[in-house]
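A.B. asks: Before I ask anything, let me first share the structure, which is written out below as structure tokens.
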Amino acid sequence: MKKLILFILATIVLISCNKKVTLKGRVLNPVTNQGIEGFTIAVSADTWELPGGAKPVGETTSNANGDFVLEFKKSGYDFSVYKEGYYNIGWYQNGEILPGQLPVNDKGKTMHADFYAVPYGEIKTSVHNINCSGSTDTLIFKRIYQLDPNNSVFQPFTFTGCYDNYGAFAKVPSGDYKLEWTVIRSGVSNTYSHILSVPGNGQAIYNIDY
């Protein structure tokens, strides 16, 4: 009887260990709502078996519509999603972009989550003080990426005096940017803003004359 009980318990444990997590979703451009083909979606699990503590447990590729199905045996928290030439915004689930990794909770269940990514474009912003009153003139300029405002890599810049610069094209993720600048002249401060759209694999130019 004891042997039978042990056999049943061992079978239950074996079945539990073999249960897979199935992740279904779509890689898409949130600007155009079009799926992106050829993205690699991989997941690894923490382990002591390999140096670095990460063991690959599943990998797949998005199809022509951006759809993918990923199956893996362990609850891995380290997802990598990549394709050359694209900027990763992150996982999208339950109506919001997740701030970090996609959580994996239960084995044997099907999860649903999409992944947002956009191609790169180029942006050039030229700044000209056309009404310069002297060295105390100040312009504070910042650029906020609307699709990923909490992870923007663009810091505010401060320009003083009779600043005049035609700028240069720089590689950036495509999508909408909020350009915001504050002009301080003769002790008076005024703030302005503009939404600039950068097309995927294209260019956008904006001049700030103050």
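A.B. asks: Do we have any residue at all in region 13-23 that's within 23 Å of the chain's Cα centre (by Cα) and either at pLDDT 80 or above or crowded, with 16+ Cβ neighbours inside 10 Å (or both)?
C.D. replies: Here is the first cut: in region 13-23, the residues within 23 Å of the chain's Cα centre (by Cα) are 22-23.
From the residues that got through so far, the ones that are either at pLDDT 80 or above or crowded, with 16+ Cβ neighbours inside 10 Å (or both) too are 22-23.
Within region 13-23, one or more residues are within 23 Å of the chain's Cα centre (by Cα) and either at pLDDT 80 or above or crowded, with 16+ Cβ neighbours inside 10 Å (or both).
A.B. asks: Another one. If we scan region 110-126, do we find a residue that is assigned to a loop (DSSP other than H, G, I, E, B) and under 24 Å from Val188 (Cα atoms)? Talk me through it step by step, then tell me what you get.
C.D. replies: First pass over region 110-126, keeping only residues assigned to a loop (DSSP other than H, G, I, E, B): 113.
Still in the list and also under 24 Å from Val188 (Cα atoms): none.
Checked against the condition, which is being assigned to a loop (DSSP other than H, G, I, E, B) and under 24 Å from Val188 (Cα atoms), region 110-126 yields no hits at all.
A.B. asks: Moving on to the next point. Hey, can you tell me all the residues within region 189-202 that are closer than 20 Å to His128 by Cα and exposed (fewer than 14 other Cβ atoms within 10 Å of the Cβ)? Spell out the reasoning first.
C.D. replies: Restricting attention to region 189-202, the residues satisfying the condition of being closer than 20 Å to His128 by Cα are 189-196.
Hits for region 189-202 are Ser189, Asn190, Thr191, Tyr192, Ser193, His194, Ile195.
A.B. asks: I would also like to ask the following. Filter region 152-188 down to the residues that are within 13 Å of Asp137 (Cβ to Cβ) and open to solvent by 70 Å² or more (accessible area, probe 1.4 Å) and list them by number.
C.D. replies: We begin by selecting, within region 152-188, every residue within 13 Å of Asp137 (Cβ to Cβ); these are 158-164, 181-188.
Hits for region 152-188 are Thr158, Thr160, Cys162, Asp164, Ser186, Gly187, Val188.
A.B. asks: Right, next: Name the residues in region 76-99 that are in a loop (DSSP other than H, G, I, E, B) and either open to solvent by 40 Å² or more (accessible area, probe 1.4 Å) or within 15 Å of Thr40 (Cα to Cα) (or both), would you?
C.D. replies: Tyr77, Lys83, Glu84, Gly85, Asn94, Gly95, Pro99
The values are calculated or read from the model by the stated rules, or taken from the named source; none is laboratory data. Quick caveat: nothing in here was measured; it's all calculated off a predicted structure. Glycine gets a Cβ as well: all are built from the backbone with ideal geometry, and neighbour counts include every protein chain shown. These area figures cover heavy atoms from the full protein model, side chains too; ligands, DNA and RNA do not enter into them. Shrake-Rupley method; radii C 1.70, N 1.55, O 1.52, S 1.80 Å.
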